[in-house]
1. May I ask you to work out the translational diffusion coefficient for region 148-213 at 10 °C, viscosity 1.306 mPa s, via Stokes-Einstein with Rh from the Kirkwood sum over Cα pairs, reported in whole µm²/s?
2. Which of these, Asp191, Asp88, Asp103, has the largest mean-square fluctuation under a Gaussian network model of the chain (Cα springs below 10 Å)?
3. Applying 1/(1 + (r/R0)^6) with R0 = 25 Å to the Cβ-Cβ distance of Asp15 and Ala145, what FRET efficiency is obtained, to the nearest 0.05?
4. Among Asn187, Phe146, Pro67, which residue has its Cα furthest toward the positive end of the charge dipole of the chain, with +1 on Lys/Arg Cβ and -1 on Asp/Glu Cβ?
5. Roughly how compact is region 35-116, stated as its Cα Rg over 2.2 N^0.38 Å to two decimals?
6. Given labels modelled 7 Å from the Cα in the Cβ direction, how far is it in nm from Ser43 to Asn185?
7. Is there a pair in Lys144/Lys205; Lys62/Lys106; Lys106/Lys176; Lys62/Lys110 whose C-alpha atoms are over 24 Å apart, and which pairs would that be?
8. Rg and Dmax of region 70-194, using alpha carbons, in Å: what are they?
Amino acid sequence: MASPKPIDYGARMTDPNVAKRAAAYAAANLVQDGTTIGLGSGSTFLFVLERLAERIRNEGLKVRGTPTSNGTAAAAQAHGIPLVALEDIEQLDLAIDGADEVDPQKNLIKGGGAAHTRERIVAATAKELVVIVGENKMIDVLGKAFRLPVEVLPFGWTHARRRVEATGCTTELRQKDGQTLVTDNGNWILDCTYPGIADPAALAKDLDSMVGVVDHGLFVGMTGRVVIASDAGDVRILP
Ligand code: 5RP
């Protein structure tokens, strides 16, 4: 009889949802009764909605949310979370969102889901932006591994591209299903490859003042607490 094949534990995949859910649940547990919060976008953030819905059911939590994307708005509604438009409120008590990269100063690259323009507006309107990530998103220098998304107006976009590339990157127009991706704002995304972003504040300032650029995914000095989860689901919070 052939001997059984040994189990290759090294080849066992970790489930990325363990870290995502752990970070998201820890952040959702920070939400206080009677508050209005910014609802981020992305696969990690979806677990925040799951936990908020659970708290609404189990604890009678009263909360309203301002979504950062059409996708999040639909998901929040499906979870029974009441929505309020950003125009109709003075300030958000808290915003919770994912990120693509976080550096030691808590600067971020966001926009993997093409929602960074609304995410920045919502974060800027909140008393605190709480960021939720897996440990793998904590890096030394922004932009070495993840491309920086820059949202541009379609009108004359090649000129915006030339200006963006003059900051020291190469760019690619983001595609989805064989077509140019169109953001919730009706714009396009340039994914920008840098050798690493040595001075995120200086680059953000350059991009902020660039004609044809709507917004970019660099969040500099905007982050409050960072909730970080390991693959095993252990959570730590950077204050
Ligand atoms: C969307 C974002 C997301 O927060 C970011 O891309 C992280 O997404 P995920 O949780 O799916 O990794 O910035 O624009």
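1. Numbers: Rh = 12.2 Å.
It diffuses with D of about 131 µm²/s by this estimate.
2. Result: Asp88 has the largest fluctuation of those listed.
3. Details: r = 21 Å, r/R0 = 0.85.
It comes to 0.70.
4. Phe146
5. Values: Rg = 13.0 Å, N = 82, 2.2 N^0.38 = 11.7 Å.
Here the answer is 1.10, to two decimals.
6. Here the answer is 2.6 nm between the modelled labels.
7. On the way: Lys144/Lys205 19 Å; Lys62/Lys106 30 Å; Lys106/Lys176 30 Å; Lys62/Lys110 29 Å.
Violating the 24 Å Cα-Cα cut-off are Lys62/Lys106; Lys106/Lys176; Lys62/Lys110.
8. 15.9, 46
Bear in mind these aren't lab numbers, they're just calculated from the coordinates by the rules spelled out. The model shown is predicted, which means the values in this text are computed figures rather than measured ones. Using ideal geometry, Cβ is built from the backbone for each residue, glycine included, and neighbour counts are taken over all protein chains shown.
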